[in-house]
1. Can you compute the modelled spin-label distance between Ala199 and Arg123, with each label point 7 Å from Cα toward Cβ, in nm?
2. Need one number: % antiparallel among DSSP beta bridges in the chain, to the nearest 5.
3. Taking the Cα-to-Cβ direction at Glu206 and at Arg59 and moving 7 Å from each Cα, how far apart do the two end points lie in nm?
4. Can you give me the % of accessible surface on region 38-173 that is carbon or sulfur? Probe 1.4 Å, all protein chains present, nothing else counted.
5. Once all Cα-Cα distances of region 180-251 are split into 10 Å bins that start at 0, what whole-number percent is in each one?
6. Subtracting the Cα-Cα distance from 0.36 nm times the residue separation, let me have the gained length for Glu227 to Glu23 in nm, one decimal.
7. For region 136-261, what does the convex hull of the Cα positions come to per residue, in cubic angstrom?
8. For a quick check, take a GNM of the chain with Cα springs below 10 Å and name the residue from Glu227, Glu143, Glu155 with the largest mean-square fluctuation.
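The values are calculated or read from the model by the stated rules, or taken from the named source; none is laboratory data. What you see is a predicted model, and the numbers here were worked out from it, not measured in a lab. Neighbour counts run over all protein chains shown; Cβ positions are idealised from the backbone, glycine included. When the accessible area is computed, the model is the full protein with side chains, heavy atoms only, and any ligands, DNA or RNA have been set aside. Shrake-Rupley method; radii C 1.70, N 1.55, O 1.52, S 1.80 Å.
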Amino acid sequence: MTMLRVGFLGDGHISGVLRRTVEETRPYRVAGTFGRDGVLPGPAEIDVIVEAATQQAVRERVPGLLAAGTDVILLSVGALAEPALRAELLHRPSPGRGRLIVCTGAIGGLDQVRALRAAGPLRTVSIESRKLPATLLQPWMPEELQAALRDGGTEIVLADGPAGEVAQRFPASANVAAALALAADAWGFATARIVADPAADPTRHEVHAAGDLGEVRAVVENAPSSERPRSSAVVAWAALRALDDYARLRGFPTVSGAAFL
């Protein structure tokens, strides 16, 4: 029986965890892990690539993968905050073009948010994320703010505004904001708040969305990755769940279970 051929874009911690788990527990054929300079395989050699790299890697490499006909499971959802790239990657499917599958990553509740949006435009969409201060350091921050985050003793609101802008300012920490805006189709009004919180262990995300049929209020708490504290440890397992659902829907052998859409 034909096996699913999977590759990993990005050679960091998430890809490493995911690859080891796939090799040890799944009936898939691993085609390779591809870093910044790695030569990517074509659709004749691979069925799907799991992107676990950076927003910049998405800009540079994912459009070519889709155009060549390779399916991509996307983790760096914050890249979609850039309108031109979002339009390119979410282009209407056409013969020979690969499919983009967005992974929920570190938050939940997006299935219900999408259901509410299917019934009509939403009125309110917001997310507040609380993380340990040192995990939120960014190179664009003034030295005084960086020092306060390294010290880690004070709660600081670092961002409170449009979800797309926040996702771009915190590329390793706010993919959740972009995922919510995408699920709600609310790029024009979804908001995100990033709080450096000394007590945020585990990381905490509070999602709120309201429409004509009801509202969603979800609180998600995630343990940080031991090797990459900016990311939640659950992200690799969310990607594995997405990969298993992909295999089921494509008819490849996989572990038992049902695909959730």
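1. 3.1 nm
2. Numbers: 23 of 46 bridges.
Within the chain, antiparallel bridges account for around 50 percent of the total.
3. 3.3 nm
4. Working: 3290 of 6180 Å².
So the carbon and sulfur contribution to the accessible surface is 53 percent.
5. 15, 34, 37, 14, 1
6. Working: separation 204, 0.36 × 204 = 73.44 nm, distance 2.03 nm.
Here the answer is 71.4 nm.
7. Convex hull of Cα atoms, per residue: 149 Å³.
8. Looking only at Glu227, Glu143, Glu155, the largest GNM fluctuation is found for Glu143.
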